[in-house]
1. Starting from the Kirkwood radius over alpha-carbon pairs of the stretch 18-131, derive D by Stokes-Einstein at 25 °C in a medium of 0.890 mPa s and give it in µm² s⁻¹.
2. Using a 10 Å cut-off on Cβ atoms, rank the peptides 95-101, 71-77, 84-90 from the highest mean neighbour count down.
3. Going by average Cβ density within 10 Å per residue, which order do the peptides 40-53, 110-123 take, highest to lowest?
4. ³J(HN,Hα) across the stretch 50-65 via Karplus (A = 6.51, B = -1.76, C = 1.60, θ = phi - 60°), whole Hz, x for Gly/Pro?
5. Find the all-direction average of the projected area of the Cα convex hull for the stretch 1-54, expressing the result in square nanometres with one decimal place.
Amino acid sequence: MIIFGIIMMAAPLGAMCWLLFNLAVFALPLFAGVSAGLAAMNTGAGPIGGILVGLLAGAATLTAGQLVFTLAPSAPVRLAVAGLFAAPAALAGYHATRGLAAMAIPADGWRDVFAIVGAIAIGLTALARLSLPRDPVGRSAAPAALAPRSCPPS
């Protein structure tokens with residue numbers, strides 16, 4: 001019965017890790033949206049106004065980051081924008097990994113070690129996903145040497 005429980009916990013844990021790695025890129029827009037929404041609620045906008053302000057701030061942050069990253073001509077600017085998006089992802093990765101480690105590791109020191117390793121892994125994953133070259137049209141961005149060639153007519 002214990003083995004069955006361990007196997008049944010592997011699927012949700014794997015799904016949570018998969019979600020964490022896939023959604024890490026969106027940590028900065030989420031943080032910006034939540035912060036703006038809470039600030040709006042604290043100034044008297046109410047829950048509906050706070051939600052609307054938060055959604056607008058999150059969408060604006062994501063759109064501005066994508067525009068700067070796409071239109072920036074230099075690599076250092078794109079790397080700086082990718083770093084701005086990867087830093088909150090690493091922070092979210094630290095806390096998520098620490099929460100997951102708290103279920104299995106009793107020692108605080110080892111929890112922190114696993115949390116730091118998780119933060120580094122998730123931050124680097126977000127940085128790598130943001131810095132991959134993309135074609136705005138949606139075609140494959142394969143190098144010219146790997147692009148399919150058409151045969152000359154015979």
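A short reminder: the numbers here are calculations on the coordinates, not readings from a lab. No experiment lies behind these values; they were computed from the predicted model shown. Glycine also receives a Cβ, built like all others from the backbone with ideal geometry; neighbour counts cover every protein chain displayed.
1. 161 µm²/s
2. 84-90, 95-101, 71-77
3. Taking the mean over residues of other Cβ atoms within 10 Å, the ranking is 110-123, 40-53.
4. Couplings: x, 5, 5, 5, x, 5, 5, 5, x, 5, 5, 5, 5, 5, 5, x Hz.
5. 5.4 nm²
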